[in-house]
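The values are calculated or read from the model by the stated rules, or taken from the named source; none is laboratory data. Everything quoted here is computed from the prediction, not taken from an experiment. Note that we place each Cβ from the backbone using ideal geometry, even for glycine, and neighbour counts take in every protein chain shown.
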Amino acid sequence: MKHTSFKDMNCSLAQSLEIVGERWSLLIIRDVAFGIRRFDDIQKNLGIARNILTQRLTRLTTEGILVKAPGKTGRMAYQLTDKGWDLQPLLLSLFQWGEKYQPHPDGERMGFVDRISGNAIQPLAVRSSDGRLLKPEDVWAKRGPGFNKEYVR
């Protein structure tokens, strides 16, 4: 199935989706973040076709989200770059949204915790540039170049 490209849209969300919006990409990034770094292990864990995995890994590497380097055993493995690790808030947000609105019938599958304290991570908060905590009704999109209307709730 051919998907519409967002590369010409003047929108940061659309530009981000152009890179990580394909259905397997965030799962690959999740697996690499959790330590599943070798091609065969990623393929086995996700059950993804090898040719599709090759395409996605190539794209994520080309975009600078992953890098291929020798792992602990000397075999080649994928690692997240700083650009890849910067996707962690997105993964946490999607996870928390899914647990709230699309929970698995068998119950919660995993939770995220602080590595140091072991405490559960609370839902992510949105703050303004001056540090104020914002409620959803306080947020709106301001018109910029390429937009013909403001998005207001």
Exercise. Do we find a residue being assigned to a loop (DSSP other than H, G, I, E, B), exposed (fewer than 11 other Cβ atoms within 10 Å of the Cβ) and not hydrophobic (A, V, I, L, M, F, W, C) anywhere in region 76-95?
Worked result: no
Problem set entry | Answer residue from region 33-61, given it is outside any loop (DSSP other than H, G, I, E, B) and among the charged types (D, E, K, R) and is surrounded by the most Cβ atoms within 10 Å (Cβ to Cβ) among those | R56
Seminar exercise, completed: Residue pairs qualifying under the 7 Å Cβ cut-off, at least six apart or on distinct chains, with the first in region 12-37 being in the same structural domain as A49 (by TED's automatic domain parsing) and under 26 Å from K72 (Cα atoms) and the second being small (G, A, S) and surrounded by 16 or more Cβ atoms within 10 Å (Cβ to Cβ), are I29/G84; R37/A77
Problem set entry | Criterion: surrounded by 15 or more Cβ atoms within 10 Å (Cβ to Cβ), assigned to a helix (DSSP H, G or I) and over 15 Å from the mean Cα position of the chain (by Cα) - qualifying residue of E99, E18 | E99
Exercise. Looking at this structure, is G64 exposed (fewer than 13 other Cβ atoms within 10 Å of the Cβ), closer than 21 Å to S16 by Cβ, touching a helix residue (DSSP H, G or I) at 6+ places or on another chain (Cβ under 7 Å) and not charged (D, E, K, R)?
Worked result: yes
